Amino acid sequence: MTRFAFIADDFTGATDALWQFRRCGLTGSLVTDVAHLHDGDDVIGLATTARAAADPAEVVLPAFKAMAELKPLVIQYKVCSTFDSAPDLGSIGAVIAALHRSGLTRGGPVPVLAAQPEFGRYTWFANHFVRAGDDVLRLDRYPPMRDHPVTPATEADLRARLTEQGAGRVGWLPADPSHEAYRALAGQAAFIADATTEAHLRALGALLLADAESRAGPLYCVGSGGLSHALASAHIGPPHDTTPAAPLGSAAPVLVVSGSRSPITARQIDTAERAGWRVVDLPEEAAGVMLPEVVESLGEGRHTIVQSTRGPARASDAIGVLLGQVASAAVQAGLVGRLVVAGGDTSGQVVAALGARSLDVVATLAVGGPVCVLASDDPACDGLEIALKGGQVGDDDYFLRAATGTATPH
């Protein structure tokens, strides 16, 4: 029976959400189309590309309604822990407003939790912060988000962000809230929940579950992998361990395709290149065929990166299509031992190019960077190990760990 359901606004976030539920002991599946929804697990997730949509509500509302038919306690709209969105692109506020217009919320507020403390994402007095090395910076002063090429963070107060995006009245719930404080937000369209610790997540999760169990239909929430973790740990208890039950094992050769523009991903590419990996710049056109240098490199068993991260910015849609062609051709040719995709928007296009029906989390390389096994009708792609990595995810040696199958200590 389905206890929890989630719709992710990108594919990297979808795998993170599934891992958060699975690591607490819940069974779960992640599908790529509403036609594949089922009630055979504790958790069902749907990966979408809503973050790249001008009107994400058009993408996710039909899925919300389809998921409601499964009668879960909670339906989460999974968003990035850096709140990647803008009024005209991937608007989180627009999704909240659409939920209210549809009547699905039954007039109650939509809880919003962006915090994910183990990932260095914190919310306090409704303002969002990011850990960067030894520093903790306000979201609008964190360079990768302040200077984001598509959805720059110009404000750290998430109430202001949602209001700007048309969510309606947005309240604030402090950490370790009382039932009275929670109920006092009944007149809001949404509220931002504070959290800086694991204990804060569990306390919020317990309140949300108590609310959900008192309802005639699902409780609709918005949040990061921290919200997924809050719900799972409140329902079944915290995970005993944050690493896979068994080592993933090494793979050769690894192919990385990167459309991310994050400086964190750029450092990861630099680290791999210094370790002897082949780095190939993505050309303007790939025409659905393998790049000769990629064929040569993978054929020699050499770990290889095809990237548009370094160099001039290009249209993200075109990049995703080209990288999808490169990845698909390499997998079809039997040259790939493990595939890594860097970039939230890129991941959706690459997974689509591989004809994926579903993804199952089997291990994790870093918080927010799990490894999945892909299910596809194409025998060449079915069973492929694939890691989908958001731009901000992982230490500098993330790609090296993707080759050895070693999780990042945390």
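The values are calculated or read from the model by the stated rules, or taken from the named source; none is laboratory data. Treat the numbers as computed from the prediction; the structure is a model and nothing was measured. Here the Cβ positions follow ideal geometry from the backbone for every residue, glycine too, while neighbour counts run over all protein chains shown. For accessibility, only protein heavy atoms count, side chains too; no ligands or nucleic acids. Shrake-Rupley method; radii C 1.70, N 1.55, O 1.52, S 1.80 Å.
Using the Cβ of residue 170 as centre and a radius below 13 Å, the other residues enclosed give a net charge of 0, where K and R count +1 and D and E count -1. Distance between the 7 Å Cα→Cβ label points at residue 65 and residue 295: 4.8 nm. DSSP assigns beta bridges within the chain; of those with both partners inside it, close to 35 percent run antiparallel.
Using the 1.4 Å probe convention, the accessible area of the chain works out to 36 Å² per residue with neighbouring protein chains retained.
Electrostatic bookkeeping for residue 398 treats Lys and Arg as +1 and Asp and Glu as -1; over the other residues with beta carbon under 11 Å from its beta carbon, the sum is 0. Shown for the chain: the carbon plus sulfur share of the solvent-accessible area, taken with all protein chains present and a 1.4 angstrom probe, equals 52%. Neighbours of residue 274 by Cβ distance under 11 Å: Lys/Arg scored +1, Asp/Glu scored -1, total -3.
In percent, rounded to a whole number, the relative contact order of the stretch 110-209 is 32, using alpha-carbon pairs under 8 Å and six or more apart. I'd like the distance between the alpha-carbon centres of the stretch 355-372 and the stretch 25-53, rounded to an integer number of Å. Centre-to-centre distance over Cα atoms comes out at 13 Å. Using the Karplus relation 6.51 cos²θ - 1.76 cosθ + 1.60 with θ = phi - 60°, the per-residue 3J(HN,Hα) values for the stretch 177-187 come to x, 8, 4, 5, 5, 5, 5, 5, 8, 4, x Hz, with x marking Gly and Pro.
For the chain, the longest principal axis of the Cα atoms and the long axis of helix 316-332 meet at an angle of about 60 degrees.
Can you give the FRET efficiency to the nearest 0.05 for residue 58 and residue 396, using r as the Cβ-Cβ distance and R₀ = 25 Å? The calculated FRET efficiency here is 0.05. Taking a straight line from the alpha carbon of residue 71, these aspartates and glutamates sit under 19 Å away, with near neighbours fewer than eight places off in the same chain left out: 33, 39, 41, 42, 211, 213. Ordering 63, 25, 74 by Cα displacement along the dipole of the stretch 3-94 toward the positive end leaves 25 in first place; charges were set at the Cβ atoms of Lys, Arg (+1) and Asp, Glu (-1). Spin-label model, residue 124/residue 313: points 7 Å from Cα along the beta carbon direction are separated by 3.1 nm.
Cα gyration tensor of the stretch 275-410, axes a ≥ b ≥ c as square roots of the eigenvalues: rounded (a/c below 1.5), prolate (a/b > b/c) or oblate? Taking the square roots of the gyration eigenvalues as a ≥ b ≥ c, the stretch 275-410 is rounded. Each residue of the stretch 344-360 was assigned a 3J(HN,Hα) from its phi angle through the Karplus expression (A = 6.51, B = -1.76, C = 1.60, θ = phi - 60°), giving x, 5, 4, 4, x, 6, 5, 4, 4, 5, 8, x, 6, 8, 7, 9, 10 Hz with x at Gly and Pro.
Sites listed here are trypsin sites (Lys or Arg not before Pro) in the stretch 108-178 whose DSSP assignment is loop and whose Cβ has at most 14 other Cβ atoms within 10 Å: 169. Taking +1 at the Cβ of each Lys and Arg and -1 at the Cβ of each Asp and Glu, which of 299, 365, 162 sits farthest along the dipole of the chain towards its positive end, judged by Cα position relative to the Cα centre? Ranked along the dipole, the leading option is 162. Under 12 Å from a label point set 7 Å out along the Cα-to-Cβ vector of residue 214, the amide N atoms of the stretch 172-187 belong to 179-186.
With an 8 Å cut-off on Cα pairs and a minimum separation of 6 or more residues, tell me the relative contact order of the chain in percent. All intermediate terms of the calculation are to be shown ahead of the outcome.
On the way: 998 pairs, mean separation 73.3, N = 410.
The normalised contact order for the chain reaches 18 percent.
Which of these values of semi-axes √(5λ) of the Cα gyration tensor in Å was calculated from the structure shown: [x] 32, 30, 19; [y] 49, 24, 19; [z] 34, 22, 20? Checking each listed value against the structure points to [z]. Taking the Cα centre of the chain as origin and assigning +1 to Lys and Arg Cβ atoms and -1 to Asp and Glu Cβ atoms, the resulting dipole is close to 740 debye. Of all lysines in the structure, the ones whose alpha carbon falls short of 25 Å from that of residue 389, not counting any fewer than 8 places away in one chain, are 78.
Do any GluC sites (Glu not before Pro) in the stretch 291-345 lie in a DSSP loop with no more than 15 other beta carbon atoms within 10 Å, and if so, which? Walk me through the intermediate numbers first.
Numbers: sites: 293, 296, 300; in loops: 300.
Answer in residue order: 300.
For the stretch 84-131, run through the chymotrypsin sites (Phe, Trp or Tyr not before Pro) and keep only the ones in DSSP coil with at most 14 other Cβ atoms within 10 Å of their Cβ.
Within the stretch 84-131, the qualifying chymotrypsin sites (Phe, Trp or Tyr not before Pro) (loop, at most 14 other Cβ atoms within 10 Å) are 125.
Across the stretch 310-382, Cα pairs under 8 Å and at least six residues apart give a relative contact order of 28 percent.
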